[in-house]
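*Asks:* Here you go, one structure.
The values are calculated or read from the model by the stated rules, or taken from the named source; none is laboratory data. Every value quoted in this text rests on a predicted model; they were computed, and no experiment measured them. Ideal geometry is used to build each Cβ from the backbone, glycine not excepted, and the neighbour counts take in all protein chains shown.
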Amino acid sequence: MTQRAGGVTVGGTPREGISSDDITARRLARRLVLSSLFEAEFGQRTADAILERHLAEGGADETTCQFARSLVAGVVENRDSIDALIEKVAPQYPVVQLARMDRTLLRGGIGEVLHSGTPSRVAVAEWVELARTYSGEPTRRLVNGVLGRITRDSVAGARRAPETESQ
C-alpha cells in the first residue's frame, strides 16, 4: 500500500478517503477480533467481554475500537448462519472438526465479508494473511477458498466486489 494524493492505493486501486492510519487501525482491530473470538472458543468468557479487556489493556484508538466491536458483534450475532455457510461451502470441513484457530479465522472472515462495510476483496486479503500468519499454508488456502466462494456467491460480496465503494 502506498500513499497517493487522493487516497491510499490498495492492490493497485486508489481508495479515496482511507488513510494509512485507518488501514493500520483496521488491521489491529482484526487481530484483536481474532484473539477475542479464539479465546471465547474455550468458553470461559464471551467474545465481547474478552474484546473489551483487550481494548482496555491495549489503549486502542476509537477507530480500532469501533471496528473491532462491530466485527465481533457481527460474528456473535450471526454465528449459526456463518457456521451453516461454512458447512455448505466446504462440506469436507465440518465446523465441529476444524481446529479452533481455523474455525475462528473462517468465522471472522465470513463475518467481515457479509456483515461489515468492508469491500470483499480487502476483507478476504486481510483474513487470508491472518490465516497464513496464525495457522499456516493449508488454512490460508482454506480461508481463501471459502471466502472467495462466499464473495462470488453472495449478494453482499457481489455488491462490494468492484472495490469502488469507500470503506
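*Asks:* Could you please find all residues in the range 76-95 being closer than 19 Å to Gly43 by Cβ and of a type in the set (D, E, K, R)?
*Replies:* Hits for the range 76-95 are Glu77, Arg79, Asp80, Asp83.
*Asks:* Another question about this same structure. Hey, Gly117 hits all of (1) within 12 Å of the chain's Cα centre (by Cα); (2) surrounded by 18 or more Cβ atoms within 10 Å (Cβ to Cβ) but one; which does it fall short on?
*Replies:* Checking Gly117 against (1) within 12 Å of the chain's Cα centre (by Cα); (2) surrounded by 18 or more Cβ atoms within 10 Å (Cβ to Cβ), the one that fails is (2).
*Asks:* So which residues in the range 31-77 are assigned to a loop (DSSP other than H, G, I, E, B), among the charged types (D, E, K, R) and under 21 Å from Ser19 (Cα atoms)?
*Replies:* Residues of the range 31-77 assigned to a loop (DSSP other than H, G, I, E, B): 41-46, 59-61.
Within this subset, residues satisfying the condition of being among the charged types (D, E, K, R) are 41, 45, 61.
Residue satisfying the conditions is Asp61 alone.
*Asks:* Kindly indicate which of Thr133, Thr139 is modelled with pLDDT of 90 or more, part of a helix (DSSP H, G or I), over 18 Å from Gly111 (Cβ atoms) and among the polar types (S, T, N, Q).
*Replies:* Thr133
*Asks:* Which of the following residues is charged (D, E, K, R), surrounded by fewer than 20 Cβ atoms within 10 Å (Cβ to Cβ) and in contact with a Phe, Trp or Tyr (Cβ under 7 Å, 6 or more places away or on another chain): Arg100, Arg140, Arg132?
*Replies:* Numbers: Arg140 fails: in contact with a Phe, Trp or Tyr (Cβ under 7 Å, 6 or more places away or on another chain); Arg132 fails: in contact with a Phe, Trp or Tyr (Cβ under 7 Å, 6 or more places away or on another chain).
Of the residues listed, the single one that is charged (D, E, K, R), surrounded by fewer than 20 Cβ atoms within 10 Å (Cβ to Cβ) and in contact with a Phe, Trp or Tyr (Cβ under 7 Å, 6 or more places away or on another chain) is Arg100.
*Asks:* Which residues, counting only those in the range 93-138, are closer than 21 Å to Asn78 by Cα and of a type in the set (D, E, K, R)?
*Replies:* Hits for the range 93-138 are Arg100, Asp102, Arg103, Arg107, Glu112, Arg121, Glu126.
*Asks:* Inside the range 57-73, can you point out the residues that are among the small types (Gly, Ala, Ser) and either at pLDDT below 90 or buried (at least 20 other Cβ atoms within 10 Å of the Cβ) (or both)? If you could, list the steps in order and put the result at the bottom.
*Replies:* Just the residues of the range 57-73 that are among the small types (Gly, Ala, Ser), to begin with: 58-60, 68, 70, 73.
Selection gives Gly58, Gly59, Ala60, Ala68.
*Asks:* Next question. Only residues that are under 15 Å from Phe38 (Cα atoms) and surrounded by fewer than 17 Cβ atoms within 10 Å (Cβ to Cβ): list them for the range 74-94, please.
*Replies:* Arg79 - this is the single residue of the range 74-94 that is under 15 Å from Phe38 (Cα atoms) and surrounded by fewer than 17 Cβ atoms within 10 Å (Cβ to Cβ).
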